[in-house]
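Written below as structure tokens is the structure these notes are about.
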Amino acid sequence: MQYSADGQSDGTATVQFPQPGFLASVFRDLGADQGPEPEGAAGRPAPGRPGAGPAGDDQSAPGGPSDPNSADPSSADPNSAAPNPTEPNPDDPAVAAHARAAALTHHRTLTVQAEHDRLADLLRRAALPVSAMDFESQLRHYEPRPYPADGPGADEASEPRWEDFAPSEPAAAGPEGGASRRLLDSGYQRELAQARLTHQRALREWRTRRAEAGSPAADESRRAHEAAEEARARAVREYNDSLEECRRAYRLAEPAAVESLLERALAAAETATQDLSAPCRAVFRPLTRTAVLDLDLPPLDLVPSLTGYRLAPDGDIVPVPRPPADRATDYLRLVARLALRSLQAADAVDTDEILAGVVLNGWLREPGAVEPLCLLSVDADRDALARTRLLPPETPYEDRDDEGVYADAEQDEALVRLRQLGAAVTPDPYARTVVRPAAQAGATVPAAPDLSANEFAQLVRDLLTRGGLAEWSVRLRGPAGLVATGEGSPGSALPGRWVVWASRDSASVGVEQIETLAEAVREESADRGLRLTTGRFADEALDLTAEESHRHIHLIDGDGVRELARTHLGLPLAAGR
């Protein structure tokens, strides 16, 4: 509708056609002649141009703008974008295959990333401190449970009173508001009815209990409760008595008691990583007061071997391997934390200081392998464990921009602390490079070759200090033996100052070693020298010590060592193999 300047309608209407060519189609349907249309008008081409009809004015021809089946771009929806010939067609089979390959590559990379995240979580949890599983923490305490009828929730012995259940009356709205106004309060009436029901229920239950108080069923229930409580108290007493008996046996260094306590502590230390199978077994040798721990290491495939996947130009999904050194480092980091955790558990539980040292061997047991592989071995005495903080004080796992989530093996805190304890660690676990165990606990009665370096030093010290040699000081110590000095009181079996050279080998000791010991005695200004070996002495060495110039040198062979162990320690030592 058209409007004049004063805002009134002038009686004419303006019609907006939805699309070009609409007016021409209306005229055609009415049979009217169309006038000439300006060239370039919207919706119809000029005569003689492509798309015009044979007469130049027939817009109903196939392909014209008025044809509903026409595919001419000029008659298409103006909001639809024209296809770009440079963009890939999603309906193309090659493009669809490439998209599927890209999605699969991304999915596989996420799976590898999940493996890396799990390893990082294991590294974090394996370094958590363990609680000491000593005897005090294992004691049980008995707390009696009251009979339900005598508990704090039991009703009063007296009859329930209505005053205890009656609701509080509502306040009067005004001076005229009295009892009649309270009776008209619907909320108060509902509370009053509910209180009466509760009072009647409590009164009924009280009368029922009073009637059943002296019944045989109630007496039987009370007797059953008292019997159950007595059984609980007896079980707690028996457990604590057995625990105290184990503690006495532990203080006497009985192997079964020491091993039981150690394995409880080791099992408790595994609670943080229950999803990781790494059991640790303990064997105690009373001869040297040393615990030998056998730790089962996790499988090698626990550490991811890939960083992810990439899509090759030809459409293949190609795995991206990690550097072998990085993978070996990550495995050793995890192994080092498991070893430190076991050492800490053994050290924390030994509150009575029965252990003189701990030997830990890490074994890789692969399916189908004939024998396990030793990838890690630690030989630490009590003093070394006390001086070393077994676990890092800060978070052992950090995200670093320059190194990612993996640190260099030389700077890893757990590996550094293991090396401070003199641990032997394989340089490449994936090449199955083994290390020599510091000690093995296979035989019940160990021989000298079965002992570790610390164990052999402890054995020699115990034998000679029991014989009267005090103020023991180790000068040199190695896997094969030690050199030490000691001072014996004048009234003891070993008076004066001594230089001791002890070794464990099967080769015979010759004259050269006797001469070396005599020279060391002179340099130390000692009175005597002692050459101890688990093997034997050559005849020339025996003849030399019989001479006057070397009579201050004393010899003890393998048979003598075993006799001293039986005499002074009361424990056997097997002959060397």
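Take the conditions β-branched (Val, Ile, Thr) and touching a Gly at 6+ places or on another chain (Cβ under 8 Å) and apply them to Val320. Does it pass?
yes
With Leu302, Leu295 as the choices, which residue is within 31 Å of the chain's Cα centre (by Cα), within 30 Å of His107 (Cβ to Cβ) and hydrophobic (A, V, I, L, M, F, W, C)?
Step by step, each of Leu302, Leu295 is checked, and only Leu302 is within 31 Å of the chain's Cα centre (by Cα), within 30 Å of His107 (Cβ to Cβ) and hydrophobic (A, V, I, L, M, F, W, C).
Condition first: more than 32 Å from the chain's Cα centre (by Cα) and either part of a loop (DSSP other than H, G, I, E, B) or surrounded by fewer than 16 Cβ atoms within 10 Å (Cβ to Cβ) (or both). Now tell me which residues in the stretch 434-456 satisfy that.
Once the filter is applied, which keeps residues that are more than 32 Å from the chain's Cα centre (by Cα) and either part of a loop (DSSP other than H, G, I, E, B) or surrounded by fewer than 16 Cβ atoms within 10 Å (Cβ to Cβ) (or both), the stretch 434-456 yields Ala443, Thr444, Val445, Pro446, Pro449, Leu451.
For the stretch 534-556, which positions are closer than 21 Å to Gly488 by Cα and touching a Ser or Thr at 6+ places or on another chain (Cβ under 8 Å)?
Across the stretch 534-556, the qualifying residues are Arg551, Ile553, His554, Leu555, Ile556.
How many residues does the stretch 250-283 hold that are within 24 Å of the chain's Cα centre (by Cα) and of a type in the set (D, E, K, R)?
Count: 5.
Exactly one of these conditions fails for Asp91: (1) of a type in the set (Asp, Glu); (2) open to solvent by less than 90 Å² (accessible area, probe 1.4 Å); (3) at pLDDT below 75. Give me its number.
(2)
May I ask you to list pairs of residues, at least six apart or on different chains, whose Cβ atoms are under 7 Å apart, with the first in the stretch 123-146 being closer than 17 Å to Ala235 by Cα and the second being open to solvent by 40 Å² or more (accessible area, probe 1.4 Å) and aromatic (Phe, Trp, Tyr)?
Arg140/Tyr239
Among the residues of the stretch 100-115, what is the count of those that are under 26 Å from the mean Cα position of the chain (by Cα) and open to solvent by less than 40 Å² (accessible area, probe 1.4 Å)?
1
So which strands (runs of 3 or more DSSP E) stay within the stretch 268-361 end to end and still have 1 or more residues that are at pLDDT 90 or above and open to solvent by less than 10 Å² (accessible area, probe 1.4 Å)?
By residue number, 280-285, 290-296, 306-311.
Please report, ordered by residue number, the helices (runs of 4 or more DSSP H) entirely within the stretch 509-577 with at least 2 residues that are within 56 Å of the chain's Cα centre (by Cα) and within 19 Å of Arg466 (Cβ to Cβ).
Because the criterion is at least 2 residues that are within 56 Å of the chain's Cα centre (by Cα) and within 19 Å of Arg466 (Cβ to Cβ), the helices (runs of 4 or more DSSP H) in the stretch 509-577 that meet it are 558-564.
Within the stretch 129-150, which residues are more than 20 Å from Ala231 (Cα to Cα), in a loop (DSSP other than H, G, I, E, B) and open to solvent by 70 Å² or more (accessible area, probe 1.4 Å)?
Selection gives Pro129, Ser131.
Quick one: in the stretch 179-195, of everything that is exposed (fewer than 13 other Cβ atoms within 10 Å of the Cβ) and assigned to a helix (DSSP H, G or I), which residue is modelled with the highest pLDDT?
The residue in question is Gln194.
If we keep just the residues of the stretch 519-577 that are crowded, with 18+ Cβ neighbours inside 10 Å and among the polar types (S, T, N, Q), which is farthest from Val460 (Cα to Cα)?
Only one residue tops the list, namely Thr545.
Do we have Ala224 as open to solvent by less than 80 Å² (accessible area, probe 1.4 Å), more than 25 Å from Arg436 (Cα to Cα) and not in a helix (DSSP H, G or I) here?
no
Pairs please, first residue from the stretch 265-294 and touching a residue at least 60 places away in the same chain (Cβ under 8 Å), second anywhere and open to solvent by less than 50 Å² (accessible area, probe 1.4 Å) and aromatic (Phe, Trp, Tyr), Cβ atoms under 9 Å, 6+ apart in sequence or on different chains.
Close Cβ pairs satisfying both conditions: Thr288/Phe456; Thr290/Phe284; Ala291/Phe284; Val292/Phe284; Asp294/Trp363.
The values are calculated or read from the model by the stated rules, or taken from the named source; none is laboratory data. If you're wondering where the values come from, they're calculated on a predicted model, not measured in any experiment. Ideal geometry is used to build each Cβ from the backbone, glycine not excepted, and the neighbour counts take in all protein chains shown. The accessibility values were calculated without ligands, DNA or RNA, using every heavy atom of the protein model including side chains. Shrake-Rupley method; radii C 1.70, N 1.55, O 1.52, S 1.80 Å.
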